[in-house]
Amino acid sequence: MSTTGKKSWNWSLWIGFLFALAGFLSYTFFAQFPITRDFPWANLLFFAVGGILLVLGLFRAFGKPQVYRGKIFGAILATLGILMFAFFSYVFFYVLRQVPPSTGAPRVGQKAPEFTLSNQDGKEVSLSDLVGRSKAVALIFYRGFW
Amino acid sequence: MDTPEINRRQRQKLGYTYTFLSDPKVEVIRRYDLLHHGAGPKGTDIARPAEFFIDSNGIIRWVNLTENIAVRARPEQVLEAFELTEQPASR
């Protein structure tokens, strides 16, 4: 970029890009709270604000090129923003939904199938042991501590 | 699949007091039809997330099979399920 000294800093492009980046990277934080985990409201809000600012920045860069900078890096930042949004949406709305149907899983009203497995101390524990000594048992299948 | 040793350390670290069971051969996961083929580290088989609430007679009173891995049962749902098990089974 040559003699751009007189042109104004196109802040809206950079701030918009930072918002998009925040939307892209912050899900692990928002996943701690059910309301922002079950549906990524917070992330989509970041992307929305980022998108508005990026569009505003591009309008400035291309509409008033004599006043604002950013024709080239604006296009690059906007493309990166779109790619991050696309990848985020693909993972959240497609990849995370690729769950097996589990049509053969035990249903309400059935007896829970009996099993015996090692507990955290290597001791064998049966479901019937747990049921026998409790009012109720919450049986949770998870993936690597989440 | 976490071994009992990993479960012991994690349980201690996180301060949980309930039982952690290890299913290294994914036998129980398979029996409950909860296998998520190849979804674990390095393409290993792991469980899809699932929650069951079982009453003192061993009868399942509540099941939660999520359609999105990110969406899990909330504590209040599990407490509701517990209240359900306090009532006699309707069938």
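Using the basic label-point model (7 angstrom from Cα toward the beta carbon), what is the A:Ser126 to A:Leu83 distance in nanometres?
A separation of 5.8 nm, rounded to one decimal place.
Rounded to the nearest 0.05, what FRET efficiency do B:Tyr16 and A:Gln66 give with R0 = 41 Å and r taken as the Cβ-Cβ distance? Could you check?
Values: r = 63 Å, r/R0 = 1.54.
My answer for the efficiency is 0.05.
Assuming R0 = 35 Å, what is the FRET efficiency of B:Glu27 and A:Lys135, from their Cβ-Cβ distance, to the nearest 0.05? It would help to have the intermediate numbers written out before the result.
Working: r = 27 Å, r/R0 = 0.78.
It comes out at approximately 0.80.
Return the average number of partner chain Cβ atoms within 10 angstrom of each residue Cβ along peptide B:23-31.
Details: counts 4, 2, 1, 0, 3, 8, 2, 1, 6.
Average per residue, whole number: 3.
With the crude spin-label approximation of a point 7 Å out along Cα→Cβ, what separation in nm comes out for A:Ile35 versus B:Leu79?
Label-label distance for A:Ile35 and B:Leu79, simple model: 1.6 nm.
Using Cβ counts within 10 Å as a stand-in for footprinting exposure, how do B:Glu51, B:Glu5, B:Glu76 rank, fewest first? Before the final figure, lay out each step's value.
Values: B:Glu51 19, B:Glu5 13, B:Glu76 9.
Listing B:Glu51, B:Glu5, B:Glu76 from fewest to most nearby Cβ atoms yields B:Glu76, B:Glu5, B:Glu51.
What is the log10 of I(q)/I(0) for chain B, computed with the Debye formula using one identical point scatterer on each Cα and no solvent, at q = 0.13, 0.17, 0.19, 0.21 Å⁻¹?
After summing over all Cα pairs, the log10 values are -0.57, -0.95, -1.14, -1.27.
With an 8 Å Cα cut-off and a minimum separation of 6 or more residues, compute the relative contact order for region A:21-146 in percent.
Working: 69 pairs, mean separation 17.2, N = 126.
It comes to 14 percent, rounded to a whole number.
Just the number, please: percent antiparallel of the DSSP beta bridges in the protein assembly as shown, rounded to the nearest 5. Write down the numbers at each step before the final one.
On the way: 18 of 19 bridges.
DSSP beta bridges in the protein assembly as shown are roughly 95 percent antiparallel.
Across region B:35-47, in residue order, what do the Karplus-derived ³J(HN,Hα) couplings come to in whole Hz, using 6.51 cos²θ - 1.76 cosθ + 1.60 with θ = phi - 60° and x for Gly and Pro?
Each residue of region B:35-47 in turn: 6, 10, 5, x, 8, x, x, 6, x, 6, 7, 10, 8 Hz.
Report the FRET efficiency, 1/(1 + (r/R0)^6), for B:Arg9 and A:Ile15, where r is their Cβ-Cβ distance and R0 is 45 Å, rounded to 0.05.
Values: r = 43 Å, r/R0 = 0.96.
Efficiency, from the Cβ-Cβ distance: 0.55.
I'd like the Karplus ³J(HN,Hα) series for region A:66-77: coefficients 6.51, -1.76, 1.60, θ = phi - 60°, whole numbers in Hz, and an x wherever there's a Gly or Pro.
With coefficients 6.51, -1.76 and 1.60, one gets 6, 9, 10, 7, x, 4, 7, 5, x, 5, 5, 5 Hz.
List, in order, the whole-Hz ³J(HN,Hα) value for each residue of region A:120-136 obtained from phi through the Karplus relation with A = 6.51, B = -1.76, C = 1.60 and θ = phi - 60°; use x for Gly and Pro.
5, 9, x, 8, 6, 10, 9, 4, 5, 4, 5, 5, x, 9, 10, 6, 7
Just so you know, all these numbers are worked out from the coordinates, no wet-lab data involved. The shown structure was predicted, so the numbers you read here are calculated from the model rather than taken from an experiment. Quick reminder, even Gly has a Cβ in these numbers, built from the backbone with ideal geometry, and neighbours come from all protein chains shown.
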